[in-house]
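Visitor: One structure is given below, represented as structure tokens, and several questions about it will come after.
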Amino acid sequence: MTQPDFDAVVVGAGFAGLYLLHQLRSRGFSVRVYEAGSDIGGTWFWNRYPGARCDVESLEYSYQFSDALQQEWDWSEKYATQGEILSYVNHVAERFDLRRDIQLNTHVEQAIFNEDDDYWQVSTKDGDTVTARFCIMATGCLSSTNVPDIKGLEIFKGATFHTGNWPHVEPDFEGKTVGIIGTGSSAIQSIPLVAEAARHLHVFQRTPSYAIPAYNGPYDPAYVKDRKENYATYRERAKNSRSGFLLSINEENATDCNAEEQQRVYDERWRRGGLTFLGAFNDLLTDKQANDTAADYVRAKISDVVDDPEKARLLSPDTVIGCKRVCVDTNYYQTYNRDNVTLHDVKTDPIEEITERGIRYGNREIELDEIIFATGFDAMTGALLKMDIRGRGGISLREKWREGPKNYLGLAIAGFPNMFIVTGPGSPSVLANMMPAIEHHVEWIADCIDHLRTMKQRCIEAQPDAEENWVRQTNEIADRTLFPTCNSWYLGANIPGKPRVFMPYLGFQRYLEECEQVVADGYAGFTLA
Ligand code: NA7
């Protein structure tokens, strides 16, 4: 019988890949990590556009597996910049001596399961092939950029950028007329800064987003001291929540309160800023009437800030608030009061083409020196489906997922033994705090591989009926909420032709309990061989 080269190959060296390496190596497994980028950091390596930051508090958007690490690292701001997060990633890699098992600049193209000997054969773009008993995809949820197929893209004379694949040499927008397509989170973070630098900024908006002020700033030392002294308690409280972070959801329903009481609660949440706004009432994401009260509140705020009533109207979303991820901003709406910013409504008149000189829509050509695509990602499945992954009987993941990303626990796929995914579809991932979500998956996977070693078994595979049940459960939970009511990337709706399936599992605590139960029941829903 052929022995594979490694116990595990991990694809991706972002937060998930790094922690997988640390966990598996500490348990004595041999691991090779492949990373396509020229350095580690995943999402935080690629998304280096102006204003890029986390939208979960830095003290929570960090690893908790090592208390020494938690204590020694100091975050400077409530919402850390991309640069600070990347410094943290590098600190972690150095502290745990991770780099020696990471191969950079290595793009995994193919992974094929060998059924005779139960291992994966993993091939890179450069033509190298290695074998490993386990193949773990830590490829990220927002790593496959979406550049819309707009006619004429290739003939534009100026430079183009994508927020999710930003150049390492910072572009200089000074004196330039810049266009930005998209008004999601990446655009909302970058627009205020690009507007300050550029001669003129043209924003091409198809769907407005809801943005809540971040009130970002340096951390108060007393606050940090309390967090650090009581980290374990705070982390535990976060784990026992719906979102995996200290969002503090008010247990009251908006529909049980009068308008005055609603206003008081929204005012208080608005002053706190950030994602916590959505925790103002318990029924905001389950009851349209309740949701309308929150949406009306934010629309009124937009009108207060934006001087021009027509711009305020265009910037005001008419969708369910929270259905797409709420953005956390610094001076976003204020930026539209600048003389050098123009808002273009490309919903009423969609972009027709990109010309040599700019963007044409609604019989107008807007001349531009440079174009920024803030057009998002083929989220959650894009990076996985770019690779040629083949399980039992040579079936490809692309075929298996033609009608949607079927899997069990968001961790494993029937027909693809010994393969795991981290924060994939079917897991809470993007609708939770990514860091504890990642840590949970990594520890679950490492425990599972350890268990197989103890039991002298070399193969684990999700059962098709367990997978069917999981997909059904994920969708049933989502159907009890307002999430499926808009065209979000959670549903794959931003990518033409992508099956419309709600991908994240809603409820962090519930998810942890499900995974624990599976283990307690002897890896129920899996076949071990
Ligand atoms: P998003 O949130 O997917 O936003 C992409 C934006 O690009 C959104 O406003 C889209 O409008 C717009 N878009 C996409 N294609 C087009 C075309 N063809 N024409 C005009 N506008 C277009 O991506 P982000 O990078 O901002 O954020 C992703 C996540 O990162 C975010 O949720 C946070 O979790 C962090 P649409 O809404 O589709 O009408």
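The values are calculated or read from the model by the stated rules, or taken from the named source; none is laboratory data. Here the structure is a predicted model, which is why all the values come from computation and not from measurement. Ideal geometry is used to build each Cβ from the backbone, glycine not excepted, and the neighbour counts take in all protein chains shown. The accessibility values were calculated without ligands, DNA or RNA, using every heavy atom of the protein model including side chains. Shrake-Rupley method; radii C 1.70, N 1.55, O 1.52, S 1.80 Å.
Visitor: Which trypsin sites (Lys or Arg not before Pro) from the range 398-450 combine a DSSP loop assignment with at most 16 other Cβ atoms within 10 Å? Walk me through the numbers on the way to the answer.
Guide: Numbers: sites: Arg398, Lys400, Arg402, Lys406; in loops: Arg402, Lys406.
Passing sites in the range 398-450 are Arg402.
Visitor: What is the dipole size for the chain, taken about its Cα centre, with +1 at each Lys and Arg Cβ and -1 at each Asp and Glu Cβ, in debye to the nearest 20? Walk me through the intermediate numbers first.
Guide: Details: 54 positive and 77 negative charges, 92 e Å.
Here the size comes out at about 440 debye.
Visitor: Mind checking the per residue accessible area of the chain for me, 1.4 Å probe, whole number of Å²?
Guide: Numbers: 21840 Å² over 529 residues.
Per-residue value: 41 Å².
Visitor: Anything over 27 Å Cα to Cα? Flag those among Lys151/Lys386; Lys78/Lys311; Lys78/Lys406; Lys324/Lys347, in the order listed.
Guide: Details: Lys151/Lys386 23 Å; Lys78/Lys311 30 Å; Lys78/Lys406 37 Å; Lys324/Lys347 17 Å.
Beyond 27 Å between Cα atoms: Lys78/Lys311; Lys78/Lys406.
Visitor: Can you list residues from other chains, or at least 5 along the same chain, whose modelled amide H is less than 5 Å from the amide H of Tyr219?
Guide: Glu77, Lys78
Visitor: Rounding to the nearest 10 and keeping the result within 0 to 90°, find how far the Cα-based axis of helix 185-197 lies from the longest principal axis of the chain.
Guide: So the helix axis and the longest Cα principal axis differ by about 50 degrees.
Visitor: So in the chain, what percent of DSSP beta bridges are antiparallel if you round to the nearest 5? Write out the running numbers ahead of the final one.
Guide: Values: 27 of 65 bridges.
Of all bridge pairs located within the chain, approximately 40 percent are antiparallel.
Visitor: To the nearest 0.05, what FRET efficiency results for Asn114 and Lys151 with a Förster distance of 30 Å applied to their C-beta separation? List each step's numbers first, then the result.
Guide: Numbers: r = 45 Å, r/R0 = 1.48.
After rounding, the FRET efficiency stands at 0.10.
Visitor: Whole-Hz Karplus ³J(HN,Hα) for the range 467-472, in order, using 6.51 cos²θ - 1.76 cosθ + 1.60 and θ = phi - 60°, x for Gly and Pro?
Guide: Whole-Hz 3J(HN,Hα) from phi for the range 467-472: 5, 4, 4, 5, 4, 4.
Visitor: For a quick check of your reading of the filter: which trypsin sites (Lys or Arg not before Pro) in the range 342-390 sit in a DSSP loop and have no more than 14 other Cβ atoms within 10 Å? Kindly include the intermediate steps, with their values, before the conclusion.
Guide: Working: sites: Lys347, Arg357, Arg360, Arg364, Lys386, Arg390; in loops: Lys347, Arg357.
Within the range 342-390, the qualifying trypsin sites (Lys or Arg not before Pro) (loop, at most 14 other Cβ atoms within 10 Å) are Lys347.
Visitor: Right, something else. If you place +1 on the Cβ of every Lys and Arg and -1 on the Cβ of every Asp and Glu, how big does the dipole about the Cα centre of the range 247-324 come out, in debye to the nearest 20? Kindly include the intermediate steps, with their values, before the conclusion.
Guide: Details: 10 positive and 16 negative charges, 74 e Å.
Value, rounded to 20: 360 debye.
Visitor: Just flag the GluC sites (Glu not before Pro) in the range 279-378 sitting in loop per DSSP whose Cβ has no more than 13 other Cβ atoms within 10 Å.
Guide: Working: sites: Glu310, Glu352, Glu353, Glu356, Glu365, Glu367, Glu370; in loops: Glu356.
When the GluC sites (Glu not before Pro) of the range 279-378 are filtered for loop state and at most 13 Cβ neighbours within 10 Å, Glu356 remain.
Visitor: Under 8 Å for C-alpha pairs, at least 6 residues apart: give me the relative contact order for the chain, rounded to a whole percent. Kindly include the intermediate steps, with their values, before the conclusion.
Guide: Working: 1080 pairs, mean separation 103.1, N = 529.
Here the relative contact order equals 19 percent.
Visitor: Can I ask one more? So what is the calculated 222 nm ellipticity per residue for the chain, using -39500 (n - 2.57) for each DSSP H run with n of 4 or more, over all residues, to the nearest 500 deg cm²/dmol? Please report the intermediate quantities before stating the final value.
Guide: Numbers: 16 runs with 169 residues, N = 529.
Calculated mean residue ellipticity at 222 nm is -9500 deg cm²/dmol.
Visitor: Express in whole angstrom the spacing between the alpha-carbon centres of the range 443-499 and the range 140-179.
Guide: Centre-to-centre (Cα) distance: 32 Å.
Visitor: Counting only protein heavy atoms and a 1.4 Å probe, tell me what percentage of the chain's accessible area is made up of carbon and sulfur. Write out the running numbers ahead of the final one.
Guide: Values: 10130 of 21840 Å².
Of the solvent-accessible surface of the chain, carbon and sulfur hold 46 percent.
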